[in-house]
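Participant: Before anything else, here's the structure in question.
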Amino acid sequence: MTSDVEKISELDPSELGKKDYWENAYKLELTNYADHGDVGEVWFGEDAGQRMVNWMSEHPEYILPGDAILDNGTGNGMLCMDMAEEGFTNVTGVDYCQEAILLAQKIRDEAGCDVDFQVGNILDKTSPFFQKKYKVVTDKGTFDAISLSETAKTDKLTYIANTASILEDTGCGLFIITSCNWTEHELTAMFATHFKHLETIPTPSFTFGGKKGNTVTTVIFQKSS
């Protein structure tokens, strides 16, 4: 019998799956920020990040303000700063692009937020952030980008295993992901090796041709014991 994961088709590779695309994009955003204070693109819109932060703040049974939180593929760091403004005090943002981290640090310093930003890659266990454990890992678009790389099939497996490895073993380590490429069912199937589905946050929906869908999907997973 074919498993749910085997039924999921790989996405066609795209420029969004290449590191040099993001390096060039953030070089431009660094220039724009220096010229006129534009923080750059907020992926999936500000509401997508705010839904994630709201859920976290509304569930103290899972997440306390001082718990260690890692934002994977932080980009300009706006999600991290939203968390800090909500009262979370132990937030780290990582990105494999030095240019993205430089932009995030500049925006953070201007805003006066207490967030740690560092260069790191979830696919590379030598990255410094692997030296500690986190209560929560967030992702807003990073798994999507990895899914568009030339080596997506193996990289996705590495991503899932490495994400589980940096979450706390005791208690209830959470992984919160927002995706525009994958549905709730697809994400649940792909992450089932290391995670169990906890909740899906409602997101805006649309109807086309008599079928209902969502522009983005936000799912909360709990690390399997």
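The values are calculated or read from the model by the stated rules, or taken from the named source; none is laboratory data. Because the structure is predicted, anything quoted here is derived from the model rather than measured. Positions of Cβ are backbone-derived with ideal geometry, glycine not excepted, and every protein chain shown enters the neighbour counts. When the accessible area is computed, the model is the full protein with side chains, heavy atoms only, and any ligands, DNA or RNA have been set aside. Shrake-Rupley method; radii C 1.70, N 1.55, O 1.52, S 1.80 Å.
Participant: Can you pull out every residue in segment 159-185 that is open to solvent by 50 Å² or more (accessible area, probe 1.4 Å) and out of contact with any His (no Cβ under 9 Å at 6 or more places or on another chain)? First the steps, then the outcome.
Facilitator: We begin by selecting, within segment 159-185, every residue open to solvent by 50 Å² or more (accessible area, probe 1.4 Å); these are 168-171, 180-181, 183-185.
Within segment 159-185, Glu168, Asp169, Thr170, Gly171, Cys180, Asn181, Thr183, His185 meet the criteria.
Residues checked against (1) under 22 Å from Ser57 (Cα atoms); (2) in contact with a helix residue (DSSP H, G or I) (Cβ under 8 Å, 6 or more places away or on another chain); (3) not acidic (Asp, Glu):
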{"residue": "Arg108", "(1), (2), (3)": "yes, yes, yes"}
{"residue": "Phe117", "(1), (2), (3)": "yes, yes, yes"}
{"residue": "Thr138", "(1), (2), (3)": "yes, yes, yes"}
{"residue": "Ala161", "(1), (2), (3)": "no, no, yes"}
{"residue": "Leu167", "(1), (2), (3)": "yes, no, yes"}
{"residue": "Ser179", "(1), (2), (3)": "yes, yes, yes"}
{"residue": "Ala189", "(1), (2), (3)": "no, no, yes"}
{"residue": "Leu198", "(1), (2), (3)": "yes, no, yes"}
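Participant: Between Ser9, Ser57, Ser14, which is out of contact with any His (no Cβ under 8 Å at 6 or more places or on another chain), polar (S, T, N, Q) and touching a residue at least 60 places away in the same chain (Cβ under 8 Å)? Explain how you work it out, then say what you get.
Facilitator: Working: Ser9 fails: touching a residue at least 60 places away in the same chain (Cβ under 8 Å); Ser57 fails: touching a residue at least 60 places away in the same chain (Cβ under 8 Å).
Just a single option satisfies the conditions, and that option is Ser14.
Participant: Which of the residues belonging to segment 89-106 are more than 21 Å from Asp20 (Cβ to Cβ), open to solvent by 10 Å² or more (accessible area, probe 1.4 Å) and not polar (S, T, N, Q)?
Facilitator: Matches in segment 89-106: Lys106 only.
Participant: Would you mind finding the one in Lys135, Lys156 that is under 15 Å from the mean Cα position of the chain (by Cα) and open to solvent by 20 Å² or more (accessible area, probe 1.4 Å)?
Facilitator: Working: Lys156 fails: open to solvent by 20 Å² or more (accessible area, probe 1.4 Å).
Among Lys135, Lys156, only Lys135 is under 15 Å from the mean Cα position of the chain (by Cα) and open to solvent by 20 Å² or more (accessible area, probe 1.4 Å).
Participant: Select, from Phe221, Phe130, the only residue that is assigned to a strand (DSSP E or B) and either open to solvent by less than 20 Å² (accessible area, probe 1.4 Å) or at pLDDT 95 or above (or both). Give the derivation first.
Facilitator: Values: Phe130 fails: assigned to a strand (DSSP E or B).
After ruling out the rest, the residue left standing is Phe221.
Participant: If we scan segment 41-63, do we find a residue that is among the charged types (D, E, K, R), under 30 Å from Glu150 (Cβ atoms) and surrounded by 20 or more Cβ atoms within 10 Å (Cβ to Cβ)? Even if it seems obvious, please write down each step before you answer.
Facilitator: If we filter segment 41-63 for residues that are among the charged types (D, E, K, R), which is where we start, we get 41, 46-47, 51, 58, 61.
If we keep only those that are under 30 Å from Glu150 (Cβ atoms) as well, we get 41.
Checking the rest, the ones that are also surrounded by 20 or more Cβ atoms within 10 Å (Cβ to Cβ) come to none.
No, that holds for no residue.
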